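These notes are about the structure you will find just below.
The values are calculated or read from the model by the stated rules, or taken from the named source; none is laboratory data. Fair warning: this is a prediction, and the values are worked out from it, not measured in the lab. For neighbour counting, all protein chains shown are included, and Cβ atoms are generated from backbone atoms with ideal geometry for every residue, glycine included. All accessible areas refer to the heavy atoms of the entire protein, side chains included, with ligands and DNA or RNA removed. Shrake-Rupley method; radii C 1.70, N 1.55, O 1.52, S 1.80 Å.
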Amino acid sequence: MSIWPAKETDYIEAMTQFDNSYARLPNAFHTRIAPELSPAPEVMLWNAPLAEALGVSDWDAPMLAGNVIPEGADPIAQVYAGHQFGGWSPQLGDGRAVLLGEVVTEDGRFDIHLKGAGRTPYSRNGDGRAWVGPVLREYIISEFMHAAGVPTTRALAALRTGGRVQRERAYPGGLLVRIASSHIRVGTFQYFTARGDEASVKILTDHVRARHYPQAQNTIELYAEIVKAQARLIAKWMGLGFVHGVMNTDNMAVSGETIDYGPCAFIDGYSPKAVYSSIDQFGRYAYEQQPSIAHWNLAQLGSCFVPQMEEELGGQHKAIDALTEVLNAFPEAYQAEWRAVFGAKLGIADPNEADLPLIQGLLGLMAKDGADFTNTFRGLLDGSARDWMLDREAFEAWVPRWEARRSEKWREIIAKTSPAVIPRNHRIEEAIQAALEGDESKAARLARVLSRPFDLAEDDQDLTHPPTEDQVVHKTFCGT
């Protein structure tokens, strides 16, 4: 039974048990360090079903904040490198987070990661802390992504630390307890490759294969699995109108999970060029660029495998040719996944290449009119999709082609793939502002409603409304 179920009733009972495989890797991979103490930790949001599944339902605020280290944990800060907006950073790492340990359940092992836990050797000039805004944002969005069927890190708890952090002004401190299959990134491989440490790359390769892709028999099969996982992930992002905002190689998890919800957002009025990140001045990580950036990131990962592939295949040219062949399979794999995602959003059970004009036709109309992304697709169920179009005549001309192609059970398909509600930027900002004033009820409501995004109660219909002109959030910021 999966620890990442879609229904709360699917969770299992477990007892906390640690087995910290990453902490057992050589010291070059991490630094042992305890979280800094939080003055007066207090839980804002608590994921009780996930806590039960992990066997940590009895953890209190001091333990969640890292003030008390649970028996069996082995806290570390991980080191990695990365390309950030295309520029190379030879050493990054957990600058404001501590991997508390790996909890083992009947379903496998999962990292418990304290984000905002204080300074580490990788903090550079930062204070290692977070404030409540980014903490609430990541809790709400990551749990929505999970409920919507997107591979993702998850949120166990959002806490106030009782301290203050200085940004453009003083904010109440926050801490996120994040859960992931692992926190191993493309940048983790890059860190050792850049240092010519082939032995460590081999150790990391074996660790990732054993932990995430045991079906892979060798390095090239591992790479192929990672490529396929990223194709699936990015297609799911696109199907929700999700813009990650900072697709650096240190923010791409080799597990195929979405990680690091910093300046991310969901599109309201559809535009393929949508950019929300305040630091993405040239649109490198715009919505439409995400597949090509994933491809580029995977190329950086592939280069890390060249030395060991030379040994396995007996030559550099053979290694590069094999890795290139796998990398070049990404566009086709992605297109197949994208077709499946958007075909389902049109109620097509078996989409194929012949459906591309139909899908692209609707997206083209939506882009032309700035139609609300979420409400247009969901509106295909009740006919209200038309209401989001300015050129209704063009939409009406598209409808007969759609009606001729959709499956017999098209309503069921759309209802399961096009959410009724998403974490809209202005709603998250409202929740953050309320939390800054001591009111966490709006954040709690969002978390509750978004945990069931395909099944919306009548009392929560207001959360489906796009922002008014004065509510639009044009820019989001890194969660520092």
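Helices meeting the span-like rule in the chain (full DSSP H runs, Cα extent of at least 18 Å along the helix axis, mean Kyte-Doolittle score of 1.6 or higher) are absent.
Taking every C-alpha pair closer than 8 Å and separated by at least 6 residues, the mean separation divided by the residue count of the range 271-425 gives a relative contact order of 20 percent. Bridgeable lysines around residue 115 (alpha carbons under 24 Å apart, same-chain partners fewer than 8 residues away excluded): 442, 475.
Lysines within cross-link reach of residue 202: Cα-Cα under 23 Å, excluding same-chain residues under 8 positions apart? The qualifying lysines are 228, 318.
Under the simplified labelling scheme, the residue 310-residue 384 pair shows an inter-label distance of 6.1 nm, with each label point 7 Å from Cα along Cα→Cβ. Less than 12 Å from a label point 7 Å out along the Cα-to-Cβ axis of residue 426: which backbone N atoms in the range 436-480 qualify, by residue? Hits in the range 436-480 for residue 426 at 12 Å: 463-474.
With helices as the sole contributors, the chain gives -12000 deg cm²/dmol at 222 nm; each DSSP H run of n ≥ 4 counts as -39500 (n - 2.57), and the sum is divided by every residue.
At the listed q of 0.27, 0.28 Å⁻¹, the Debye profile of the range 125-181, built from one uniform point per Cα, gives log10 I(q)/I(0) equal to -1.01, -1.05.
Across the range 362-480, the mean sequence separation of Cα contacts (distance under 8 Å, 6 or more residues apart), normalised by length, yields a relative contact order of 23 percent.
Surface composition of the chain: carbon and sulfur make up 50 percent of the accessible area, probe 1.4 Å. The residue list 85, 108, 95 was ranked by how far each Cα lies along the charge dipole of the range 68-111 toward its positive end, using unit charges on Cβ atoms, and 85 comes out on top. With semi-axes defined as the square roots of five times the eigenvalues of the C-alpha gyration tensor, the equivalent ellipsoid of the range 213-344 measures 29, 16, 12 Å, largest first. For the range 258-294, there are no residues whose amide N sits under 13 Å from a probe point set 7 Å from the Cα of residue 360 along the beta carbon direction. How long are the three semi-axes of the equivalent ellipsoid for the chain, computed from the Cα gyration tensor as the root of 5 times each eigenvalue, in whole Å, largest first? Sorted largest first and rounded, they come to 35, 29, 20 Å. Using 1/(1 + (r/R0)^6) with R0 = 25 angstrom and r between the beta carbons of residue 460 and residue 412, what's the FRET efficiency to the nearest 0.05? My answer for the efficiency is 0.70. Using the alpha carbons alone, the radius of gyration of the range 173-240 stands to its Kirkwood radius in an Rg to Rh ratio of 1.05. About its Cα centre, the dipole of the chain is roughly 800 debye, where the only charges are +1 on Lys and Arg Cβ and -1 on Asp and Glu Cβ. Restricting the trypsin sites (Lys or Arg not before Pro) of the range 405-480 to loop positions (DSSP other than H, G, I, E, B) with no more than 16 neighbouring Cβ atoms within 10 Å leaves 409, 475. Stretching residue 85 away from residue 445 to a fully extended chain increases their span by 126.1 nm, per 0.36 nm per residue minus the current alpha-carbon distance. With 0.36 nm allotted per residue and the present C-alpha distance subtracted, the residue 203-residue 392 stretch has 62.2 nm of extension available. When the range 353-466 is described by a simple charge dipole with +1 on each Lys and Arg Cβ and -1 on each Asp and Glu Cβ, the residue from 354, 400, 453 located farthest towards its positive end is 354. The dipole here belongs to the range 135-248: it is taken about the Cα centre, uses +1 on the Cβ of Lys and Arg and -1 on the Cβ of Asp and Glu, and is about 400 debye. Taken about its Cα centre, the range 439-480 carries a charge dipole of about 280 debye when Lys and Arg each add +1 at the Cβ and Asp and Glu each add -1 at the Cβ. With K and R counted +1 and D and E -1, the other residues having a Cβ less than 10 Å from that of residue 430 yield a net charge of +2. Looking at the range 102-170, the GluC sites (Glu not before Pro) that sit in a DSSP loop and have at most 12 other Cβ atoms within 10 Å of their own Cβ are 106, 168. Using a simple spin-label model with pseudo-atoms 7 Å out from Cα toward Cβ, residue 169 and residue 282 lie 3.5 nm apart. For the range 343-480, the Kirkwood hydrodynamic radius from C-alpha pairs, put into Stokes-Einstein at 37 °C and a viscosity of 0.692 mPa s, yields a diffusion coefficient of 197 µm² per second.
Within straight-line reach of residue 409, meaning a Cα separation under 18 Å, sit the following aspartates and glutamates at least 8 residues removed in sequence or on another chain: 350, 355, 382, 455.
For the chain, the residue among 212, 340, 33 whose Cα projects farthest onto the positive side of the dipole built from Cβ charges is 33.
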